[in-house]
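The values are calculated or read from the model by the stated rules, or taken from the named source; none is laboratory data. Since the model is a prediction, treat every value here as computed from it, not as a measurement. Methodologically, a virtual Cβ is constructed for each residue, glycine included, from the backbone with ideal geometry; neighbour enumeration extends over all protein chains shown.
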Amino acid sequence: MLIDRKDAAQFCEELRRCGKKIVFTNGCFDIIHAGHVRYLTTAKNFGDVLIVGLNTDESVRRLKGESRPINNQGDRAEVLLGLKAVDYVIFFGEATAENLISEVKPDIYVKGGDYTLATLPEAKIIQSYGGRVELVNLVAGHSTTNIVEKILGRDKG
């Protein structure tokens with residue numbers, strides 16, 4: 001289910017009142033691949049519900065360049081919501097998920113193992129209210145950038 005950003009805090013409070021442990025992650029999720037599926041499945045296993053903060057099209061362009069996203073935010077959300085592991089999606093347009101995390105206040109925040117607590121700006125917010133950060137190993141060789149390079153014939157492999 002797609003959650004409107006303005007309703008996110010209240011929605012998550014209701015989940016907590018129902019005894020649900022909220023897991024949150026965020027990203028662009030432009031071209032879903034096996035690495036994404038494994039990552040999201042691992043994330044979901046940390047709690048009861050998985051909420052994905054999904055970068056808006058405009059924020060993906062700022063992060064990845066003018067040629068991205070390949071798929072628009074509506075399509076990206078639909079694909080994510082079609083995955084068994086993903087319960088909810090919330091769009092956000094900021095450079096980081098700090099503001100959205102402050103609203104959602106997940107019990108557990110999951111990010112890829114290419115981050116550390118020191119390089120993850122959201123970690124301080126999570127820790128400030130007693131939440132936990134989990135860093136999950138990425139699946140080697142699986143990335144949207146690699147897929148795009150292969151399609152364009154610039155694959156080095």
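Worth pointing out:
- Set R38, R16: member being exposed (fewer than 15 other Cβ atoms within 10 Å of the Cβ), under 24 Å from A123 (Cα atoms) and out of contact with any Cys (no Cβ under 8 Å at 6 or more places or on another chain): R16
- Filter result for P69 (outside any helix (DSSP H, G or I), over 13 Å from the mean Cα position of the chain (by Cα) and surrounded by 21 or more Cβ atoms within 10 Å (Cβ to Cβ)): yes
- Residue selection: R5 satisfies the criterion of being at pLDDT 95 or above and basic (K, R).
- Answer from L100, L50, L83 - the residue that is out of contact with any strand residue (DSSP E or B) (no Cβ under 8 Å at 6 or more places or on another chain) and at pLDDT 95 or above: L83
- Members of the range 17-35 that are in contact (Cβ under 8 Å) with a residue 60 or more places away in the chain and either within 15 Å of P106 (Cβ to Cβ) or not in a loop (DSSP other than H, G, I, E, B) (or both): K21, I22, V23, F24, T25, N26, A34, G35
- The set of residues in the range 53-68 that are touching an Asp or Glu at 6+ places or on another chain (Cβ under 9 Å) and over 15 Å from T96 (Cβ atoms) contains only R68.
- Selected residue (only one of L80, L135 is farther than 26 Å from E13 by Cβ, under 13 Å from the mean Cα position of the chain (by Cα) and surrounded by 16 or more Cβ atoms within 10 Å (Cβ to Cβ)): L135
- Evaluation of V110 against the conditions (1) within 13 Å of the chain's Cα centre (by Cα); (2) farther than 17 Å from I3 by Cα; (3) in a helix (DSSP H, G or I) shows that the sole unmet condition is (3).
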